[in-house]
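The structure under discussion appears below in the form of structure tokens.
Only the coordinates and a few stated rules stand behind these numbers; no lab work does. None of these values were measured; they are calculated from a predicted model. Using ideal geometry, Cβ is built from the backbone for each residue, glycine included, and neighbour counts are taken over all protein chains shown.
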Amino acid sequence: MTYLERAKKPIPVALALGILGGAALIVTTELTNTGQAIYIPYAILVTAIFATLRSINWSELSKRFATSFLAFMVATIILYLFIITVAAGTIFEITIWGHVWRIGFMATIGGLLSFAVAYLANIGRNRIA
């Protein structure tokens, strides 16, 4: 397997996008005081995921969805861990159920966004002439 074939696997692509997205989210939370600013790096992350999926051109919806969802969740979990350990320091003040529902809520949002991105990334590619 060559390097380029390995680079087109879902997990490495998703991890790369997720880590970059998580870093952008952390920088945004540190540099701004408004909560609304967090939408900007999330929008950029979703756009980057879409562009990546469009350029890789996987035909299977499952690969596109898995890549999109994993990238979104990696970025979200990186931000969440940063906030509960460094920024707020509330890792032990919140119950396990509190952590679970927060991550679950973001997973629901990520799942819906990922399905939309995975579906739209393949529009116009499978047309029969």
Computed over the chain, Cα set: Rg, Dmax in Å: 16.2, 60
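Could you list the GluC sites (Glu not before Pro) in segment 23-109 that lie in coil according to DSSP, counting only those with at most 15 other Cβ atoms within 10 Å of their Cβ? Display every interim value, and only then the final one.
Working: sites: Glu30, Glu60, Glu93; in loops: Glu60, Glu93.
Answer in residue order: Glu60, Glu93.
When a/c reaches 1.5 or more, the comparison of a/b and b/c decides; with that in mind, is segment 42-87 rounded, prolate or oblate per its Cα gyration tensor? Before the final figure, lay out the partial values.
Details: a/c = 4.81, a/b = 2.35, b/c = 2.05.
It comes out prolate by the Cα gyration axes.
Give me the net charge for the shell around Phe115: Cβ to Cβ below 14 angstrom, other residues only, Lys and Arg +1, Asp and Glu -1. Intermediate results must be reported in sequence, preceding the final value.
On the way: positive: Lys63, Arg64; negative: Glu60.
Net charge in that neighbourhood comes out at +1.
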How much net charge surrounds Arg54 when only the other residues with a Cβ under 12 Å from the Cβ of Arg54 are counted, with Lys and Arg +1 and Asp and Glu -1? +2
Contact order normalised by length for the chain, with contacts defined as Cα pairs under 8 Å and 6 or more residues apart; what percent is it? 34 percent
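Loop-only chymotrypsin sites (Phe, Trp or Tyr not before Pro) in segment 29-129, please: DSSP not H, G, I, E or B, and at most 15 other Cβ atoms within 10 Å. Write out the running numbers ahead of the final one.
Values: sites: Tyr39, Tyr42, Phe50, Trp58, Phe65, Phe69, Phe72, Tyr80, Phe82, Phe92, Trp97, Trp101, Phe105, Phe115, Tyr119; in loops: Trp58, Phe92.
For chymotrypsin sites (Phe, Trp or Tyr not before Pro) across segment 29-129 that sit outside H, G, I, E and B with at most 15 neighbouring Cβ atoms in 10 Å, the list reads Phe92.
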Listed residues Thr90, Thr52, Thr29; largest mean-square fluctuation, Gaussian network over the chain with Cα springs below 10 Å, found at Thr90
Quick one: length gained pulling Val86 to Asn57 fully straight, 0.36 nm per residue minus the C-alpha distance? 6.6 nm
What is the gain in length, in nm to one decimal, between Ile40 and Ala23 on full extension, counting 0.36 nm per residue of separation less the C-alpha to C-alpha distance? 4.8 nm
So the pair-distance distribution of segment 14-67, from every Cα-Cα distance in 10 Å bins, comes to percents of 23, 46, 23, 8, 0
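Helix-only mean residue ellipticity at 222 nm, the chain, DSSP H runs n ≥ 4 weighted -39,500 (n - 2.57), per residue, nearest 500. What is it? Walk me through the numbers before you get to the answer.
On the way: 5 runs with 92 residues, N = 129.
The helix-only estimate for the chain comes to -24000 deg cm²/dmol at 222 nm.
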Given the options Ile103, Thr52, Val74, identify the residue whose Cα lies farthest towards the positive end of the charge dipole of the chain (+1 on Cβ of Lys, Arg; -1 on Cβ of Asp, Glu). Thr52
